Amino acid sequence: MTYGKKRKRLHDIIFEADTPAGKLFDVLLLVAILVSVIVVMLDSVDKLNINYGLVFYYIEWVLTILFTIEYALRIIAVKKPSSYIFSFYGVIDLLAILPTYISLFIMGSHYLIVIRILRLLRVFRVLKLMRYVGAADTLRVALKQSMSRIIVFFEVVVVLVVIIGSLMYLIEGPENGFTSIPKAIYWAIVTVTTVGYGDIAPQTVSGQTLASLLMITGYAIIAVPTGVITIEMGKVEKQKKIGSNTQICRNCGYDRHDDDAVFCKHCGEKL
C-alpha cells in the first residue's frame, strides 16, 4: 500500500463516520474524552484527590499522550495540515492537550482540560446527526445577521439601567444600601435580568414602585432578542438545505456537503 493510500485510509478512519472503522474510532474517542473530563472533575474533590490523586494523575497523562498522538495523526491525514490546524475542531483539539503540558510549569492549570468537553461535538458526526449541526449553523448565521439590532437593543438596556440605577441612588441613598451610583446600577442590572440576588433591596415606597416597574420591564426585555433571532432563523432556513452528509474534504476540511455530493463544493477534491 502506497503512502498516499495509507494516508487516505487514515483520513477515512479518523475524520469520517460512515465506515465501521471510523465509527469505532469516534466512539472510543468520545469515551476517552468523557473519562478525561470526569477524572478532572473528581480530582477537584479534596477527599478523592487525597485518596486517588496519583491514579487520576496517571490516567490524565495517559489520555493526554493518546490525544497528542491523535492530534498528530489528524495533521498527517489531511493534504493541507493548515486547513485542520486552524479549523474550529483543530483549535479545540490543540487546546484540549495543552493544559496538561502547561501544568508542568503552572500548578493547577491542568483543570483547564475540561475544555475537552467541547470535543464531544463530534458525537453529531458519529450518530449521523448532521442535521443538528446544520441547525446550529443556522443559529450562528441568524445571530450574525441580527447583530446590529442586538447591539442597538443592548445599548438601550445599558442606558436604561444607568438611568434607573441613578434614580434609585437618589431615592434610596446610602442608608438603604445604595452607597453609590455604580452600586445602584449593579442592582438595576440584577433586577432587569430577573436574577434578584436580594443583597440590596429598596425600602421606600418610591423605590419599591420603581423596582416593580423595572421588574415588569425585564420580562418584556427578554422577549425582544428572542423575537429578532427567531425571525432571522426563519429567513436563513428558507435559504439553505440541511443534509446529513458526514464527508469531510481531505484537501480543505469543508464538511457541509450535500447528501449526493461527490466532489467538494469549495475546492473540487473528490470525496
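The values are calculated or read from the model by the stated rules, or taken from the named source; none is laboratory data. Because the structure is predicted, anything quoted here is derived from the model rather than measured. Quick reminder, even Gly has a Cβ in these numbers, built from the backbone with ideal geometry, and neighbours come from all protein chains shown.
Things worth noting here:
- Matching residues in the stretch 181-216 - criterion: being among the polar types (S, T, N, Q) and either part of a helix (DSSP H, G or I) or not assigned by TED's automatic domain parsing to the domain that holds Gly165 (or both): Thr191, Ser206, Gln208, Thr209, Ser212
- Residue match in the stretch 222-233 (condition: in a loop (DSSP other than H, G, I, E, B), modelled with pLDDT under 80 and either among the β-branched types (Val, Ile, Thr) or in contact with a Pro (Cβ under 9 Å, 6 or more places away or on another chain) (or both)): no
- Helices (runs of 4 or more DSSP H) wholly inside the stretch 1-111 that include at least 3 residues being more than 22 Å from the chain's Cα centre (by Cα): 3-15, 20-43, 46-77
- Scanning the stretch 17-41 for residues that are surrounded by 16 or more Cβ atoms within 10 Å (Cβ to Cβ) and over 17 Å from Ile248 (Cα atoms) turns up Leu29, Leu30, Ala32, Ile33, Ser36, Val37, Val39, Val40.
- Here Gln247 clears all of (1) touching a Gly at 6+ places or on another chain (Cβ under 9 Å); (2) surrounded by 13 or more Cβ atoms within 10 Å (Cβ to Cβ); (3) at pLDDT below 70 except the condition numbered (1).
- Any hit, the stretch 59-73, residues being among the aliphatic types (A, V, I, L, M), crowded, with 17+ Cβ neighbours inside 10 Å and at pLDDT 90 or above: yes
- Residue in the stretch 133-154 that is among the basic types (Lys, Arg), assigned to a helix (DSSP H, G or I) and modelled with pLDDT under 80 present: yes
For every residue, the table says whether it meets (1) touching a Ser or Thr at 6+ places or on another chain (Cβ under 8 Å); (2) exposed (fewer than 13 other Cβ atoms within 10 Å of the Cβ).
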| site | (1), (2) |
| --- | --- |
| Tyr186 | no, no |
| Thr193 | no, no |
| Asp199 | no, yes |
| Pro202 | no, no |
| Gln208 | no, no |
| Ala211 | yes, no |
| Tyr219 | yes, yes |
